[in-house]
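A.B. asks: Please read through the structure below; I'll follow up with questions.
What follows draws every value from the coordinates through simple rules; no lab data is involved. Nothing here was measured: the structure is a model prediction, and the numbers come from that model. Cβ: placed from backbone, ideal geometry, glycine included. Neighbour counts: every protein chain shown.
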Amino acid sequence: MTRPETVPAPRRKRRGVVQTIAAAPHALWCVLFILAPMAFVVYYAFTDADGAFTIYNINEVFSASYLRILERSILYALVATAICLVLAYPLAYAITKMKARHQPQIIMLLMLPMWINLLIRTYSLKILLETNGVINHALAWVHLGPVHFLNSNFAIILGMVYNYLPYMVLPIYSVLVKIDRRLIEAAQDLGCNSRQVLGRVTFPLSLSGVISGITMVFVPSISTFFISKSLSDGRVKLIGDVIETEISMHNVAAYNIGSALSFVLMVLILVSLFVTNKFGEKDGGVIV
Amino acid sequence: MSQKLIELKGVSKSFDGEQVLNNIHLYIRDKEFITLLGPSGCGKTTTLRLIGGFETPDEGEIFFEGRPMTDLPPYKRPVNTVFQRYALFPHLNVFDNIAFALKLRHVPKEEIDEQVHEMLRLVSLRGFGDKNVATLSGGQQQRVAIARALINRPRVLLLDEPLGALDLKLRKDMQNELKNIQRQTGITFVYVTHDQEEALSMSDTIVVMEGGRIQQIGTPTDIYNEPENAFVADFIGESNIIDGVMKEDLKVNFDGRDFVCLDRGFGENEPVDVVIRPEDVDVVEPERGMLRGIATSVTFKGVHWEIIVDINNFKWMIQTTDYVSPGQEIGLYIEPDAIHIMKKSEFSGMFGDYSSFSDELDELSDPDTPQAEAESDDQT
C-alpha cells in the first residue's frame with residue numbers, strides 16, 4: 001500500500017538496476033542460445049562455402065528429392081498430430097470427470113514416461129516391435145504373426161504418437177479442468193443434453209488448449225530425426241534426418257544445405273503456428 | 001395464483017455427511033414471485049438447484065404440476081436459471097448468448113432474430129447484440145443472463161442471488177426491473193437471496209430458511225409482523241426479543257410488569273418470546289414510560305435516531321425521530337399492537353439483545369455472496 005509519492009526517486013532507480021541485473025542471465029541466455037544460433041542458421045543458409053551470399057542452397061532445398069522428403073515429413077507430422085488429438089481429447093476429458101483427488105495421480109502417470117530419455121523410449125519401442133520381439137512372441141502364442149512392424153509408416157507414426165501424446169493431453173486437460181462448471185450447468189439449463197454441452201460449450205471453450213496441444217505435437221514431430229531413423233533402420237528419411245546427415249558431414253557445402261533446410265523448416269513451423277493461432281482467434285465457431 | 005406449480009415433498013439432502021436440507025415441504029404457485037431467504041449455508045441455493053435439476057434429493061420427491069420430476073435432467077425441465085455471477089458463455093457475443101436456447105432447437109433464423117431483439121428490448125439492452133460479454137458491466141451482464149433464460153419462455157425462472165454482485169443503486173433499479181419483467185411475462189419467479197430488504201420489497205411469498213429447515217412461509221407483511229420464532233424476527237428487520245410469560249389471553253408479563261397485547265391461544269403462564277420492533281416503541285418522559293432505562297448510545301441514521309437503551313441489563317434498540325442525548329434516562333411506551341408473542345423455539349435466547357451490537361459486526365455477519373454454500377455444492 002505504498003503511495004507513489006512516498007517512494008523516493010533514487011530508490012526506485014536502484015530497483016530498476018536490480019531488475020536489470022536479475023534479468024541479465026536470462027537475456028544472455030536468450031542471445032547466446034536462441035538468437036545467435038538462429039542468426040547462424042540464416043547466415044549459413046544464404047552463403048556458399050566461401051561465405052558469399054547465394055540463394056543456391058534454398059533453391060536446392062526445393063529440388064525434387066528434398067521436396068519429397070519435406071512433403072513426407074509434413075504428412076507424417078499431420079497424421080501423428082491428428083491421432084494424438086483424437087486420443088488425447090477424450091482422455092483429457094475423462095480425467096476431468098474423475099474425482100478431483102485422483103486427477104493429479106493420473107496426470108502423474110501420464111508424465112512418468114517423460115522422465116525417461118526420448119532415445120531410450122524409442123529404442124524400447126523398437127525392441128517391443130521387432131520381428132522376434134515381445135509383441136510378436138505374444139502374437140505367436142495365439143498363432144498369429146509374426147508381423148513386421150518396423151520399417152513401416154505405422155511404426156514411425158506410432159513412435160511419434162507414443163512419444164508426444166502427453167504434450168497433447170496436458171494442455172487440453174489444463175484448459176478443460178478450468179472451465180467454470182456453472183457454464184456447463186447453464187448450457188444444460190438452456191436445453192443441452194450432454195453431447196450438445198460438449199459440442200457447443202466445452203469444446204469451443206477448450207480450443208486454446210487444443211491449439212497449443214497441436215503446436216506442441218506438430219513441431220517436434222515435423223523436425224524429429226531419431227524416431228524415424230531408429231524405427232525404420234534409417235530407411236525412411238524425414239527432413240530432420242536429412243538435416244542431421246548434412247550437418248554432421250563435416251563438409252562446408254553440405255553444412256550450407258543443412259542450414260537452408262533448417263531455415264525452410266523454421267519458416268514452415270512459423271507459418272503453421274500462425275495459421276493455427278489465427279484459427280484459434282476466430283471466436284464463436286460452433287462445432288457440433 | 002392458486003394452482004400448485006411445483007411441489008417439494010419431504011426433501012432432504014446431504015453433502016459429505018453434512019445435512020444441508022432437512023425434510024423440506026414447499027409448494028410454489030403459478031405466476032407468483034417466491035423468495036427463498038436466509039443466511040449463507042441455510043440451504044436456499046441447494047433448494048433452488050434441486051428444482052433446477054442440478055442436484056438430486058437424498059429423500060423426498062419434487063413434482064411439477066403434480067407429475068414427479070425428481071429424476072428429470074436439467075434440459076428436460078420447464079425451468080430456466082439465472083445463475084449467481086451470470087455464467088454467460090465467454091465464447092459467444094450478447095446475441096448468441098441470448099439465442100443459445102433457440103439455436104439449440106433449430107428455430108428459423110428470422111424468428112431467432114425477432115425474439116432476441118424482443119428480449120434485448122425487454123431488458124433495455126437494445127443495440128448490444130454484437131458486444132463481447134466480457135466488455136459489459138455487471139448490470140448489463142445480469143440483464144443478458146435474464147434475457148438468455150427468459151427467451152425459452154420457461155414456466156418458472158430460478159434466480160440465484162442475481163443481484164448479489166451489483167452495487168446498491170443498481171440493485172434497487174434492477175429490483176424494480178425484475179418485478180416489472182415478472183409482471184409483464186407472467187412467469188413464476190423463484191428467487192434466492194440473503195438480503196431481507198430485497199425479499200420484503202419484491203416477493204409475493206417469502207420462505208425463511210435456516211439450518212436446512214423452513215422456518216416460516218408467508219407474505220412479506222406476515223413475515224415481518226408475525227414472525228414465528230426468534231430467528232425469523234431477528235433475520236427480518238431489527239427486533240428486541242425479550243423473555244416473557246403469557247399470563248392469560250391478551251396479557252403478557254415481561255420486565256416485571258404486565259402488558260396488554262393482542263395475542264391469544266397460549267397456555268396459562270406459558271413462557272414465550274416477546275418481539276417488539278424498534279420503530280414501534282414511543283420514547284416518552286421517564287415518569288410516563290411503561291419501562292424506563294438509560295440511553296447508552298445514540299446514532300444518527302438519517303430518517304431517524306437509533307438509540308440503544310439499557311433496561312434491566314437488556315439492551316433494546318429503539319428508532320425514534322426525537323433526539324435523546326446519551327446517558328439520558330428515558331421512558332418507553334408500548335402500544336398493545338406493537339407487541340408480538342412467539343412460542344419458545346430452539347432459537348430462543350440467541351437473538352434480540354443489542355448488547356454486542358455494532359453496525360460493523362452486522363456487516364461482517366452478512367456476507368455479500370454466500371460462497372460457502374456454492375462451494376459445498378461444487379464438491380459433488
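A.B. asks: If you take the C-alpha gyration tensor of chain B, multiply each eigenvalue by 5 and take the square root, what semi-axes do you get, largest first, in whole Å? Could the numbers behind the result be given before it?
C.D. replies: Working: eigenvalues 392, 115, 59 Å².
Taking √(5λ) for each eigenvalue gives 44, 24, 17 Å, largest first.
A.B. asks: Still on this structure, I have one more. What relative contact order, as a whole-number percentage, does the stretch A:66-281 give when Cα pairs under 8 Å and 6 or more residues apart are counted? Kindly include the intermediate steps, with their values, before the conclusion.
C.D. replies: Details: 224 pairs, mean separation 56.3, N = 216.
With pairs under 8 Å counted, the relative contact order is 26 percent.
A.B. asks: For the stretch A:149-288, take every pair of Cα atoms, bin their distances at 10 Å starting from 0, and report each bin as a whole percent.
C.D. replies: Result, from short to long distances: 11, 28, 27, 19, 10, 4, 1 percent.
A.B. asks: If the viscosity is 0.890 mPa s and the temperature 25 °C, what translational diffusion coefficient in µm²/s does Stokes-Einstein give for the stretch A:56-138 when Rh comes from Kirkwood over Cα pairs?
C.D. replies: Reported coefficient: 147 µm²/s.
A.B. asks: To the nearest µm²/s, what D does Stokes-Einstein give for chain A at 20 °C and 1.002 mPa s, using the Kirkwood radius over alpha carbon pairs as Rh?
C.D. replies: Details: Rh = 22.7 Å.
It diffuses with D of about 94 µm²/s by this estimate.
A.B. asks: When DSSP beta bridges are limited to those with both residues in chain B, what percentage is antiparallel, rounded to the nearest 5?
C.D. replies: 80
A.B. asks: Could you list B:His194, B:His340, A:His148 so that the one with the fewest beta carbons within 10 Å of its beta carbon is first and the one with the most is last?
C.D. replies: Numbers: B:His194 24, B:His340 21, A:His148 13.
Ranked by crowding around the Cβ, least crowded first: A:His148, B:His340, B:His194.
A.B. asks: Using +1 at the C-beta of Lys and Arg and -1 at the C-beta of Asp and Glu, which of B:Phe347, B:His91, B:Phe63 has the Cα lying farthest in the positive direction of the dipole of chain B?
C.D. replies: B:His91
A.B. asks: Which of B:Leu21, B:Leu120 comes first, and how do the rest follow, when ranked by fewest Cβ neighbours within 10 Å? Walk me through the numbers before you get to the answer.
C.D. replies: Working: B:Leu21 27, B:Leu120 20.
Fewest-to-most ranking of B:Leu21, B:Leu120: B:Leu120, B:Leu21.
A.B. asks: Using Cα springs under 10 Å in a Gaussian network model of chain B, which residue among B:Asn152, B:Asn312, B:Asn97 shows the largest mean-square fluctuation?
C.D. replies: Top of the fluctuation ranking is B:Asn312.
A.B. asks: Toward the positive end of the charge dipole of the protein assembly as shown, about the Cα centre and with charges on Cβ (Lys, Arg +1; Asp, Glu -1), which of A:Ser152, A:Leu78, B:Leu150 goes farthest?
C.D. replies: A:Ser152
A.B. asks: Pairs on different chains or at least eight residues apart, Cα atoms closer than 17 Å: how many lysine pairs in the stretch A:66-281 fit? Walk me through the numbers on the way to the answer.
C.D. replies: Values: A:Lys97/A:Lys178; A:Lys99/A:Lys178; A:Lys126/A:Lys229; A:Lys126/A:Lys237; A:Lys229/A:Lys237.
Value for the stretch A:66-281: 5.
A.B. asks: Counting other Cβ atoms within 10 Å, which trypsin sites (Lys or Arg not before Pro) in the stretch B:266-328 have at most 12 and lie in a DSSP loop? If you can, show how the numbers build up before the last one.
C.D. replies: Values: sites: B:Arg288, B:Arg292, B:Lys301, B:Lys315; in loops: B:Lys301.
Loop-located and lightly packed - B:Lys301.
A.B. asks: GNM on chain B, C-alpha springs below 10 Å: top fluctuator among B:Gly237, B:Gly256, B:Gly349?
C.D. replies: B:Gly256
A.B. asks: Sum -39500 (n - 2.57) across every DSSP H segment of at least 4 residues in chain A, then divide by the residue count to get the 222 nm mean residue ellipticity, nearest 500.
C.D. replies: Values: 14 runs with 199 residues, N = 288.
Here the helix-only value at 222 nm equals -22500 deg cm²/dmol.
A.B. asks: Please report, in whole Å, how far the alpha carbons of the protein assembly as shown spread along each principal axis, starting with the longest.
C.D. replies: That gives 116, 74, 54 Å along the principal axes, largest extent first.
A.B. asks: Right, here's the next one. May I ask you to evaluate 6.51 cos²θ - 1.76 cosθ + 1.60, the Karplus curve with θ = phi - 60°, for each residue of the stretch B:326-343 and list the ³J(HN,Hα) values in order in whole Hz, giving x for glycine and proline?
C.D. replies: Running phi through 6.51 cos²θ - 1.76 cosθ + 1.60 with θ = phi - 60° gives x, x, 6, 8, 10, x, 10, 10, 10, 6, x, 7, 8, 9, 10, 9, 10, 5 Hz.
A.B. asks: Efficiency by 1/(1 + (r/R0)^6): what FRET value for A:Leu128 and A:Arg195, r their Cβ-Cβ distance, R0 = 45 Å, to the nearest 0.05?
C.D. replies: Working: r = 37 Å, r/R0 = 0.82.
FRET efficiency, A:Leu128 to A:Arg195: 0.75.
A.B. asks: Another question, then. Across the residues of A:176-186, average count of Cβ atoms on other protein chains within 10 Å? Mind showing how you got there, number by number?
C.D. replies: Values: counts 0, 0, 0, 1, 5, 4, 11, 7, 2, 9, 14.
Neighbouring Cβ atoms belonging to other protein chains average 5 per residue here.
A.B. asks: Pick out, from A:Phe225, B:Leu122, B:Ile311, the residue whose Cα sits farthest towards the positive end of the charge dipole of the protein assembly as shown, with +1 on the Cβ of Lys and Arg and -1 on the Cβ of Asp and Glu.
C.D. replies: So the residue furthest toward the plus end is A:Phe225.
A.B. asks: What does the extension gain come out to for A:Met266 and A:Leu87, with contour length at 0.36 nm per residue minus their alpha carbon separation?
C.D. replies: Between A:Met266 and A:Leu87, full extension yields an extra 61.7 nm.
A.B. asks: Next question. Give, in whole angstrom and from largest to smallest, the semi-axes √(5λ) of the equivalent ellipsoid of the stretch B:4-225, with λ running over the eigenvalues of the Cα gyration tensor. Before the final figure, lay out each step's value.
C.D. replies: Working: eigenvalues 169, 80, 50 Å².
So the three semi-axes of the stretch B:4-225 are 29, 20, 16 Å.
A.B. asks: Okay, next question. Report, in debye and to the nearest 20, how large the dipole of the protein assembly as shown comes out about its Cα centre when Lys and Arg carry +1 and Asp and Glu carry -1 on their Cβ. Walk me through the numbers on the way to the answer.
C.D. replies: On the way: 61 positive and 80 negative charges, 861 e Å.
My answer is approximately 4140 debye.
A.B. asks: In the calculated pair distance distribution of the stretch B:1-47, what percentage of Cα-Cα distances lie above 12 Å? Could the numbers behind the result be given before it?
C.D. replies: Values: 720 of 1081 pairs.
Tail of the P(r) past 12 Å holds 67 percent of the pairs.
A.B. asks: Arranged by the count of other C-beta atoms within 10 angstrom, fewest first, what order do B:Glu110, A:Glu60 take?
C.D. replies: Details: B:Glu110 8, A:Glu60 15.
Ascending number of Cβ neighbours within 10 Å: B:Glu110, A:Glu60.
A.B. asks: Just need the relative contact order of chain B here, percent rounded to a whole number, with Cα pairs under 8 Å and 6+ apart. Don't jump to the answer; show the numbers that get you there.
C.D. replies: Details: 779 pairs, mean separation 62.1, N = 380.
Reported relative contact order: 16 percent.
A.B. asks: Tell me the Kirkwood radius of the stretch B:147-193: reciprocal of the mean inverse pair distance over distinct alpha-carbon atoms, in Å.
C.D. replies: About 11.2 Å for the stretch B:147-193.
A.B. asks: Restricting to Cα pairs below 8 Å that are 6+ residues apart, what does the relative contact order work out to for the stretch B:219-290? Please round to a whole percent. Don't skip to the end; give the middle numbers.
C.D. replies: On the way: 88 pairs, mean separation 20.6, N = 72.
About 29 percent, as a whole number.
A.B. asks: Chymotrypsin sites (Phe, Trp or Tyr not before Pro), restricted to the stretch A:126-156: which are DSSP loop and have at most 12 other Cβ atoms within 10 Å?
C.D. replies: Those that pass, being in a loop and sparsely packed, number zero.
A.B. asks: Could I ask something else about it? Considering only Cα-Cα distances, which of the following residue pairs are longer than 20 Å: B:Lys247/B:Lys315; B:Lys76/B:Lys103; B:Lys4/B:Lys31; B:Lys4/B:Lys343?
C.D. replies: Values: B:Lys247/B:Lys315 24 Å; B:Lys76/B:Lys103 16 Å; B:Lys4/B:Lys31 10 Å; B:Lys4/B:Lys343 30 Å.
Over 20 Å Cα-Cα: B:Lys247/B:Lys315; B:Lys4/B:Lys343.
A.B. asks: Spelling out what I want: for every residue of the stretch B:74-84, take phi, set θ = phi - 60°, compute 6.51 cos²θ - 1.76 cosθ + 1.60 (Karplus), and round to whole Hz; glycine and proline get x.
C.D. replies: The phi angles translate into x, 6, 9, 9, x, 10, 10, 10, 9, 7, 4 Hz.
A.B. asks: Name the residues whose placed amide hydrogens come within less than 5 Å of the amide hydrogen of B:Phe15, ignoring near sequence neighbours (fewer than 5 apart) on the same chain.
C.D. replies: Amide H to amide H, under 5 Å and 5 or more residues apart or across chains, B:Phe15 pairs with B:Val20.
A.B. asks: Who wins for biggest fluctuation among A:Ser232, A:Ser65, A:Ser262 in a Gaussian network model of chain A, springs between alpha carbons below 10 Å?
C.D. replies: A:Ser65
A.B. asks: Restricting attention to the stretch B:243-339, which GluC sites (Glu not before Pro) occupy a DSSP loop and are surrounded by at most 14 other Cβ atoms within 10 Å? Before the final figure, lay out each step's value.
C.D. replies: Values: sites: B:Glu248, B:Glu268, B:Glu279, B:Glu287, B:Glu306, B:Glu329; in loops: B:Glu268.
Here the GluC sites (Glu not before Pro) that fit, given the DSSP loop and packing criteria, are B:Glu268.
A.B. asks: Here's another thing I want to ask about it. Hey, quick one: spin label on A:Asp233, modelled 7 Å out along Cα-Cβ, who in the stretch A:149-191 has an amide N within reach, i.e. under 14 Å?
C.D. replies: A:149-152
A.B. asks: Going through the DSSP H helices of chain B, which span 15 Å or more along their own axis at the Cα atoms while scoring at least 0.0 as a mean Kyte-Doolittle hydropathy?
C.D. replies: Numbers: long enough: B:94-104 (16 Å, 1.33); B:109-122 (20 Å, -1.03); B:138-150 (18 Å, -0.18); B:168-185 (25 Å, -1.56).
Within chain B the helices that satisfy the rule are B:94-104.
A.B. asks: Something else now. Round to the nearest 0.05 the FRET efficiency obtained for A:Phe53 and B:Asn132 when R0 = 41 Å and r is the Cβ-Cβ distance.
C.D. replies: Details: r = 49 Å, r/R0 = 1.18.
According to the calculation, E is roughly 0.25.
A.B. asks: Can you work out ³J(HN,Hα) from phi for every residue in the stretch A:225-234, in order, using Karplus 6.51 cos²θ - 1.76 cosθ + 1.60 and θ = phi - 60°, giving whole Hz and x for Gly and Pro?
C.D. replies: Coupling constants for the stretch A:225-234: 10, 6, 4, 5, 5, 7, 7, 10, 6, x Hz.
A.B. asks: Okay, helix-only estimate at 222 nm for chain B: each DSSP H run of n ≥ 4 adds -39500 (n - 2.57), divide by all residues, round to 500 deg cm²/dmol; what do you get?
C.D. replies: Values: 10 runs with 98 residues, N = 380.
It comes out at -7500 deg cm²/dmol, rounded to the nearest 500.
A.B. asks: While we're looking at this one, here's another question. Calculated FRET efficiency, B:Tyr333 and A:Ile179, Cβ-Cβ r, R0 60 Å, to nearest 0.05?
C.D. replies: After rounding to 0.05, the efficiency reads 0.45.
A.B. asks: Separate question: What value in Å³ per residue do you get for the convex hull of the alpha-carbon atoms in the stretch B:125-222?
C.D. replies: Dividing the Cα hull volume of the stretch B:125-222 by its residue count gives 122 Å³.
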